[in-house]
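Scroll down for the structure; my scribbles are underneath it.
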Amino acid sequence: AALALLGGSVAALVVWKWLGKKMIQKKMEEARRTRDQGMKKVAKAVQQFREQVPSIQTDAILSLPLLELTGRLQEGSLSPRTVLYTYLEKALEVTQQTNCLRHFIPECEEQLQEIEGHKEKGLLYGIPVSIKDHIGHKGHLATCGLVQCLGTRMEEDSVLVKVLKRQGAIPFAMTNVPQSLFSYDCSNLIFGQTLNPLNPQKSPGGSSGGEGALIAGGGSILGIGSDMGGSIRLPSSFCGLCGLKPTAERLRWVLGLPFQPCSWRWHVPCALGPMARDVDSLALCMKALLCQEMFQLDPTVPPIPFNQEVYSSSTPLRVGYYDTDGYFPLPPCMRRAVKETRCALQAAGHQLVLFSPPRIPYVMTELFLKTFFADGGRTWLDVFTGNIVDPGLKPQVDSCKMPRLVKKLLALLLKPLQFLLLLKLKDVAMISTCRSVKEMWNHHHQIQVYRSQFISQWKELQLDVVLCPVLGPAFTTGYPGKLLTAISSTMLYNVLNFPAGVVPVSTVTEADEEELKLYKGCCDDPWDRTLKQAVSGAVGLPVAVQCVALPWQEELCLRFMKEVETLSRDR
């Protein structure tokens, strides 16, 4: 009888698990079906508009830089309706090639009518804006690529979306993200893999990869991403865009999700920021967002309006620079980009000073990764409903699932290789955790101490800004999951909470590809060889640099980015 009862219980458990999986599959299929229906509706609306207004010069509109487009809209020589439908049509084309959209926002038609009735025109009047999946828009999902978020619709617009609308912008599309946002690829099992429009074999980066692909493909002129380890800057690097990660508290938003992707923000804060084709677009977006409406809607945002005088200044800068952080050596083309930019800045009259960022292996393992996996990854694991895990995240998820005893045994067995593992730390199982509240407080204190030391070193050299490398060129899809810690170049400025932006300055040449064959990295170990494979076959793809300023100096960071952009275009 006991055996029969046990057998029945096991059978019931198997059936229950099977039914759970079926329910999850049904939810995912429903989400895809809803997206496809939305795409068809937009395609039909675009076709009707084209029939009504057949004489639109689509290419001419799409080629206009943001500043010129805003001018044309403000003066009335272009209508918001024409611009919106032009970008809707292009976004449809780009997402068919790259799978960059999660869905269109049908309410963009209501927002269009709303702004057409306004006498006052905001700074972004009539500009179609795309937003990352998890930035809240009333009536829409904010999925983070997770099954458990498929039933949660936002009850109101996030503060950022409200301000965009008040400035006359038209949010028209939400873009795809990697599952849980914890990846710099762009794939989830609900909406699939997003591809790089410049090369479909390559990743657009992540986690703001949908934004990167849509803007680089010409389907959006301005997008909003988020960044907690490089999630604005890496897609910008991979896709040849300009992107800014501000000081985290300069812009805020409310999620209200069952899963908070930025719940770690106390230690390593998450920042919202703009992505676009040029630096002037980023500056205009920041100027539009840093307005009285933002400060009134969210009193926690410091009321610091955009300082146009700093952005427009032409005073020579004292620039710190480095081409490697001593942790994860980047491909030759990325170091070449820093060297060429340094020479161009020097020739333009700026003062260049060698700068060495301190203790990056310590920052990566003890500060950044320990923040994310302070509880051994248990909070993160909770978001994977029904064990639905994207292949790109599986190595990290499996590592987190390892029992603590197994992790300790592994650490003991691999002690002879401890230095190498700490240097490249592929496996999150090797990351130490915070085992008590006291340890957590101490960890937070260590971040503050490091930040103070870094600022002191910056001040001793009397630097205005820093020029440094960014990870790139674009990885082949699937490789970001194999090289979690290759993001040290961007991650550093999340730990420090400094404003940092990316500017494309060159492209990969045949000579770069030849030099890559000689790349040994740090130790010519499996991780170095994996990086080599990830970036090979990139001739013609963008090569970028990173520009950094001290906290709250976004305008200075943008001014430096503009200088770098101008010099790279003159070369």
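The values are calculated or read from the model by the stated rules, or taken from the named source; none is laboratory data. Given the structure is predicted, the values throughout are model-derived calculations rather than measurements. Cβ coordinates were reconstructed from backbone atoms using ideal geometry, including for glycine residues, and neighbour counts include every protein chain displayed. Keep in mind that these areas ignore ligands, DNA and RNA; they rest on the heavy atoms of the full protein, side chains included. Shrake-Rupley method; radii C 1.70, N 1.55, O 1.52, S 1.80 Å.
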Handout entry: Reachable aspartates and glutamates from residue 22, criterion Cα separation under 14 angstrom, eight or more residues apart if same chain
Key = 30
Problem - Label-to-label distance, nm, for residues given as residue 433 and residue 514 (7 Å Cα→Cβ offset) - result: 5.2
Handout entry: Compactness of segment 317-397 - radius of gyration and Dmax, Cα, Å
Key = 19.3, 59
Problem - For residue 56, solvent-accessible area (1.4 Å; no DNA, RNA or ligand), Å² - result: 20
Exercise for the section: Grab the other residues whose beta carbon is less than 11 angstrom from that of residue 223, score K and R as +1, D and E as -1, and report the net. Expected result: +1
Completion exercise
Between residue 175 and residues 5 or more places away or on another chain, the pairs with built amide H atoms under 5 Å apart involve 102, 131, 132, 133
Practice task
Determine, for each peptide in 343-355, 223-235, the mean count of other beta carbons within 10 angstrom over its residues, then list the peptides with the highest first.
Solution key: 223-235, 343-355
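Where a ≥ b ≥ c are the square roots of the eigenvalues of the C-alpha gyration tensor, would you call the chain rounded, which needs a/c under 1.5, or, failing that, prolate if a/b is larger than b/c, or oblate?
On the way: a/c = 1.59, a/b = 1.09, b/c = 1.46.
Here the chain falls in the oblate category.
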Exercise for the section: Taking 7 Å along the Cα-to-C-beta vector as the label spot, tell me the residue 456-residue 75 distance in nanometres, rounded to one decimal. Expected result: 5.6
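Evaluate E = 1/(1 + (r/R0)^6) for residue 313 and residue 62, where r is the Cβ-Cβ distance and R0 equals 41 Å; express this FRET efficiency to the nearest 0.05. Working shown, then result.
On the way: r = 32 Å, r/R0 = 0.78.
After rounding, the FRET efficiency stands at 0.80.
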Practice task
Would you tell me the accessible area of residue 77, worked out with a 1.4 angstrom probe on the heavy atoms of the protein chains, in Å² to the nearest 10?
Solution key: 60
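Taking only protein heavy atoms into account and a 1.4 Å probe, give the accessible area per residue of segment 15-68 in Å². Before the final figure, lay out each step's value.
On the way: 4100 Å² over 54 residues.
Per residue, segment 15-68 has an accessible area of 76 Å².
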Practice task
Give the cross-link partners of residue 44 among the lysines, using a straight C-alpha distance below 23 Å as the criterion and excluding same-chain residues fewer than 8 apart.
Solution key: 90
Practice task
Helix by helix through the chain, keep the DSSP H runs that span 20 Å or more along the axis on Cα and average at least -0.5 on Kyte-Doolittle, and give those back in order.
Solution key: 2-52, 80-98, 332-347
Handout entry: Farthest toward positive dipole pole in the chain [+1 Lys/Arg, -1 Asp/Glu at C-beta], among 267, 320, 241
Key = 267
Problem - Counting DSSP beta bridges with both ends in the chain, the antiparallel % (nearest 5) - result: 70
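Probe radius 1.4 Å, ligands and nucleic acids ignored: give me the carbon and sulfur share of the accessible area of the chain as a rounded percent.
Looking at the chain in its full context, I get 56 percent from C and S.
Give 132/245; 202/532; 401/482; 132/482; 339/562 a once-over and call out the pairs whose C-alpha atoms are over 21 Å from each other. The partial results should precede the final answer.
Details: 132/245 14 Å; 202/532 14 Å; 401/482 17 Å; 132/482 24 Å; 339/562 18 Å.
132/482, as the Cα separations exceed 21 Å there.
Order 148-154, 188-194, 117-123, 238-244 from most to least packed using the mean count of other Cβ atoms within 10 Å.
Highest mean packing first, the order is 238-244, 188-194, 148-154, 117-123.
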